[in-house]
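Below: the structure, in structure tokens.
Each reported figure results from applying straightforward, stated rules to the coordinates on display, with no laboratory input. These numbers come from a predicted model, not from an experiment. FYI the Cβ positions are ideal-geometry reconstructions off the backbone, even for glycines, and counts take in every protein chain you see.
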């Protein structure tokens, strides 16, 4: 069975998602390294998550599919970019969030954003999927990308620590 990051990479490629800006994150490290190693993708770090949303928006307007990678606390910076740009302009921004703030989290900032992320997405009518199982990962990502492109709306994939193993904490 391929790993979660191999499945995400493969599904992005099959969906012709070529641009992947990201804010560096330890959980996403194996995916980020694989993206950099594959000449199909253009990928680079951003300084802020809303910057990555702007890049994904510009890519779509230029005819390219794009996804962004961020961790939970970084999601806290993008509601305005979603509400004022991606949602009203009908941009199928593909947002991957490595879920922190749960299952042993020590960082209060991560925990607070984790508790508010889904309600914020619901209030903006942004479809979101929490993925916990490698067996359903490819199906969910593939179908949700197809839907996002068809209806021209953003989608968020929340990758649970149950899927990724999360960040390892000292006890």
How large is the Kirkwood hydrodynamic radius of the range 4-163, counting all unique pairs of alpha carbons, in Å?
15.4 Å
Placing each pseudo-label 7 Å from Cα in the direction of the beta carbon, residue 1 and residue 130 end up separated by a distance in nanometres of 2.0 nm
Determine, from the Cβ-Cβ distance of residue 14 and residue 87 and an R0 of 25 Å, the FRET efficiency 1/(1 + (r/R0)^6), rounded to the nearest 0.05.
0.45
If we count other beta carbons within 10 Å of each Cβ, what is the order of 84, 10, fewest first?
84, 10
In µm²/s, what is D for the range 71-157 at 37 °C and 0.692 mPa s, where D = kT/(6 pi eta Rh) by Stokes-Einstein and Rh is the Kirkwood radius from Cα pairs?
244 µm²/s
Cβ crowding within 10 Å averaged over residues, with 87-96, 123-132 ranked highest first:
87-96, 123-132
What shape does the range 109-158 have by the C-alpha gyration tensor, where a ≥ b ≥ c are the square roots of the eigenvalues, rounded means a/c under 1.5, and otherwise prolate means a/b greater than b/c and oblate the rest?
oblate
List the residues of the range 102-136 whose backbone N lies under 12 Å from a point placed 7 Å from the Cα of residue 147 along the Cα-to-Cβ direction.
126-130
